[in-house]
1. Regarding Asp191, is this residue out of contact with any helix residue (DSSP H, G or I) (no Cβ under 8 Å at 6 or more places or on another chain) and modelled with pLDDT of 95 or more?
2. What number of residues in segment 112-158 are surrounded by 11 or more Cβ atoms within 10 Å (Cβ to Cβ), hydroxyl-bearing (Ser, Thr, Tyr) and out of contact with any Ser or Thr (no Cβ under 8 Å at 6 or more places or on another chain)?
3. Tally up the residues in segment 196-217 that are in a strand (DSSP E or B) and either hydrophobic (A, V, I, L, M, F, W, C) or over 32 Å from the mean Cα position of the chain (by Cα) (or both), please.
4. Restricting the search to segment 250-267, which residues are in contact with a strand residue (DSSP E or B) (Cβ under 8 Å, 6 or more places away or on another chain), within 11 Å of the ligand (Cβ to nearest atom) and touching a residue at least 12 places away in the same chain (Cβ under 8 Å)?
5. Checking Ser249 against (1) within 32 Å of the chain's Cα centre (by Cα); (2) under 30 Å from Thr174 (Cα atoms), which test does it fail?
6. I need every pair where a residue in segment 268-293 that is on the phi < 0 side of the Ramachandran plot has its Cβ under 6 Å from the Cβ of a residue that is more than 13 Å from the ligand (Cβ to nearest atom) and in a loop (DSSP other than H, G, I, E, B), sequence separation at least 6 or different chains.
7. Just to be sure before I move on: is Gly206 touching a His at 6+ places or on another chain (Cβ under 7 Å), in contact (Cβ under 8 Å) with a residue 40 or more places away in the chain and in the same structural domain as Ala278 (by TED's automatic domain parsing) in the structure I sent?
8. Mind listing whichever residues of segment 33-82 are touching a residue at least 12 places away in the same chain (Cβ under 8 Å) and exposed (fewer than 11 other Cβ atoms within 10 Å of the Cβ)?
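The values are calculated or read from the model by the stated rules, or taken from the named source; none is laboratory data. Because the structure is a prediction, the values reported are computed rather than measured. Cβ placement follows ideal geometry from the backbone for every residue including glycine, while neighbour counts extend to all protein chains displayed.
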Amino acid sequence: MDITNLIDEALEKISRASAPDILESVRIEYLGRNGQITKLLRSIGSLPSDQRSEAGQEANAAREKVEAALTEQFSRIAHQPKKSKIDTTLPGIRPLRGAFHPVRQVIQDARAVFRRLGFEFVEGREVETEFHNFTALNIPLDHPSRDAFDTFYTKGKNLLRSQTSTVQIRVMETRKPPLRIIAPGRVYRPDTVDASHSFMFHQIEGLLVDDRSTFSDLKGVINLFLRQFFGKNVKSRFRPHFFPFTEPSVEVDMSCILCGGKGCMTCKRTGWLEIMGAGMVDPAVFQSVGYPSGKYRGFAFGMGVERIAMLRHGIQDIRLFYENDLNFLRQFS
Ligand SMILES: [Zn+2]
């Protein structure tokens, strides 16, 4: 091969070598023991004596050029900034997004419906007095719910509230009607934990007080809530019941959202699901917060949040809500 072509070819390969090991293999190809330039130098001795000098100079010049190019390329590679280890062609890592707990979702959705009806969101304390949890709600001293088996008592005659109705009392003590409040929150009862009971669960309490509301207003508000929350085909029925703090009192059933009222396991083949307790505020409750007798009327209602979340998602075991198992919770995000 012509020596000029040999140099060009070597310089070309050197300039394209992007890593030290590639460069080393180029060096061996030309300058190694059997390299092309080494062979050329070795062959000079066999040339006729009048050609040796010129051929020797050319071959040495070639070796120097290639060696210089190798040195230069080695230092260029060595000073190159290291290539990033991030492969930008791979799909990205999806950021973990939080979501609301199914219990919180029920509270927020219910709150949104009641907000459209003009109800104000109120929160109350979880450690309460006997007065606010029982006495002011017209619950007599000998009522079984006051027993230590049914209520968690703390030091100093306080207790963990066993119902959110305490918020009604707290609000009425400090404000005058008209009132329209919705009060979601935790309540505590010393129940043995099983698939449908927990020592802690959530309720949503509602209260409306003015000077003219009637039982048909209560029915209207509850029906509107049930239809907005569960769907427009939901029917309701009101069964007479007794609560100390309302008179008259009712238990509200809605047509089973799982079977459409035909009867299934969840509704125990009745086609109806018990969904809340309600009634017109008992005059004794108004009296206990100091409202003048006969001046105000109103209604109250209360429902269990976990029960609604269980019906909504077809969940059979209340304990799943409190275990913080992300495999369970991620289904509702
Ligand atoms: Zn059913």
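1. no
2. Residues that pass the stated criteria total 2.
3. Of segment 196-217, the ones in a strand (DSSP E or B) are 197, 200-210.
Going one step further and asking which of them are either hydrophobic (A, V, I, L, M, F, W, C) or over 32 Å from the mean Cα position of the chain (by Cα) (or both), we end up with 200-201, 204, 207-210.
The number of residues fulfilling the criteria is 7.
4. Taking segment 250-267 first, the residues in contact with a strand residue (DSSP E or B) (Cβ under 8 Å, 6 or more places away or on another chain) are 250-257, 261, 266-267.
Next, only the ones that are within 11 Å of the ligand (Cβ to nearest atom) stay: 254-257, 261, 266-267.
Answer for segment 250-267, where residues must be in contact with a strand residue (DSSP E or B) (Cβ under 8 Å, 6 or more places away or on another chain), within 11 Å of the ligand (Cβ to nearest atom) and touching a residue at least 12 places away in the same chain (Cβ under 8 Å): Met254, Ser255, Cys256, Ile257, Gly261, Thr266.
5. So the condition that Ser249 fails would be (1).
6. Qualifying pairs under 6 Å: Asp282/Asn138; Asp282/Phe245; Ala284/Asn138; Val285/Asn138; Val285/Phe245; Phe286/Tyr296.
7. Working: touching a His at 6+ places or on another chain (Cβ under 7 Å): no; in contact (Cβ under 8 Å) with a residue 40 or more places away in the chain: yes; in the same structural domain as Ala278 (by TED's automatic domain parsing): yes.
So Gly206 does not fit the description; no.
8. Ala78
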